[in-house]
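Trainee: Following this message is one structure expressed as structure tokens.
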Amino acid sequence: MNWFLITQELSFQKFMKQSAYMEELKYDFNEKAELRHTETHEPFVFNYYKNTLERNSKRYQALGYLLECYIYELLEKVCKLHKVYIPIQAIMEPRSFFFMSENALTNPSLLVLLQDHGVFRAGQWSQQTIVRHGLQHGSQIPCIQLALQSDYGIIVLNPNDNFMDLKLEKECQSPLGYTIESSSTEMFQSGNPFSLSKVAQCIPKKYSSTPEEHTAYIWNHFILKSAARNVAFIVHGYGGLVFMDLLVQKKWEVMNKVYAVALIDSAHHVEHQLGNDTQLLAWIKHHCREWITSHKPLDKPVATVLKMDCPKVSAGTENHSLAPSTSLQSIFKYLKNALKAKTTVHFSRMPIVTRSCTKRKQSI
């Protein structure tokens, strides 16, 4: 966990001390990157106010906002990633953003991270896992550092940043200059950004109102235009469904550009999303592998009901939120081997045989 040594100068406490919950949130990350109380050294306690759900929920939500700020700062100052706003031309309208390395668009190899649905933003696999198990398991930073060490350019998507909440806009302003453009008014533990209780107060962000729209925009304007000949995706949970949607919508582009996809406990459904497209079904069998929650040891094959789906192996855990961290080393080994075994095959649209063409052939 050497990367965390760098972050000691970026103490989480500086965010805490300038928040309205300074007394209620005396937490920081220890040398193991675990969130602990600065005085008692105990893990985070949700029930701070005895039997007062609303106050405890607001306190937890405040912690979530501060974690967003903190992770964004780590992405920029520790991982040296650049924050890129989208849409590119937008100025006076709600915007989303994502992060990418300096050489992401020029590097021959590019890795794209796409997380599960939830209230968490770029740089997080799971906010709840960060709180319970620490940055090493809940954040994407270990994955990003490993990618950079493996000479990948990297793009970190932000698929859950879909709305600007007018009511929370002022509350989401960090005193340290980070704007948290939150999309959810629900409790953080609900983990559902699509169940907004007051949608009328939320303005959808152009080209990012859904995870699918966000991913498609970045594919069209950045990934597709990049110099990368070897693009890989690591996707978790609902991110798998989003990737399969991209594959169906941009079939030829994706099949020609992407050489490997590591799915982690994915929510995709081959039969519903890919239908009977034999080319796509053959492509995912050859270019995708899924690590799923299982009681079996890491990398042990796991049987699948659908024969047409991609190969599945155990993630080495039965916990959905821990699966990205438990399978991380195995995933990078898979990506490395897939790149070595890569053969250049150009996929192109098959010519459409029309009735007139058929008649001409028969008459010759």
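Trainee: Among the lysines, which fall within straight-line cross-link reach of Lys26, defined as a Cα-Cα distance under 20 Å, with same-chain neighbours fewer than 8 residues apart omitted?
Mentor: By straight Cα distance, Lys26 reaches Lys14, Lys17, Lys50, Lys58.
Trainee: How big is the equivalent ellipsoid of segment 1-78 along its three axes, where each semi-axis is √(5λ) from the Cα gyration tensor, reported in whole Å from largest to smallest?
Mentor: Listed largest to smallest, the semi-axes of segment 1-78 are 23, 14, 10 Å.
Trainee: If the cut-off is a Cα-Cα distance under 17 Å, which aspartates and glutamates reach Lys83, setting aside same-chain residues fewer than 8 apart in sequence?
Mentor: Those aspartates and glutamates meeting the cut-off are Glu68, Glu73, Glu102, Asp161, Glu181.
Trainee: For a quick check: with amide H placed at 1.01 Å from N, whose amide H comes under 5 Å from Gly153's, ignoring anything fewer than 5 positions away on the same chain?
Mentor: Ser109, Leu110, Leu111
Trainee: I would also like to ask the following. Sort Val248, Val231 by accessible area with a 1.4 Å probe, largest first.
Mentor: The ordering from most to least exposed comes out as Val248, Val231.
Trainee: List every residue whose amide H lies under 5 Å from the amide H of Ser96, counting only residues 5 or more places away in sequence or on a different chain, with H placed 1.01 Å from N in the peptide plane.
Mentor: The answer is Ile86.
Trainee: Show which lysines lie in cross-link reach of Lys312 when reach means a straight Cα distance below 30 angstrom and same-chain residues fewer than eight apart are skipped.
Mentor: Lys250, Lys251, Lys257, Lys285, Lys296, Lys300, Lys333, Lys336, Lys340, Lys342
Trainee: Hey, can you grab everything whose amide H is under 5 Å from the amide H of Thr38? Only 5+ residues off in sequence or another chain; H modelled, so Pro and N-termini drop out.
Mentor: Those lying under 5 Å, H to H, from Thr38 are Tyr27, Asp28.
Trainee: Using the basic label-point model (7 angstrom from Cα toward the beta carbon), what is the His37 to Arg132 distance in nanometres?
Mentor: 2.0
Trainee: Same structure again: Would you work out the charge dipole size for segment 223-336 about its Cα centre, treating the Cβ of every Lys and Arg as +1 and the Cβ of every Asp and Glu as -1, and quote it to the nearest 20 debye?
Mentor: The dipole of segment 223-336 has a size of about 460 debye.
Trainee: Leaving ligands, DNA and RNA out of it, rank Met244, Met308, Met100 by accessible area with a 1.4 Å probe, largest first.
Mentor: Met308, Met100, Met244
The values are calculated or read from the model by the stated rules, or taken from the named source; none is laboratory data. Bear in mind that the values here come from a model prediction, so they are computed numbers and not experimental data. Glycine also receives a Cβ, built like all others from the backbone with ideal geometry; neighbour counts cover every protein chain displayed. Each accessible area value is taken on the protein alone, full model and side chains, heavy atoms only, with ligands, DNA and RNA left out. Shrake-Rupley method; radii C 1.70, N 1.55, O 1.52, S 1.80 Å.
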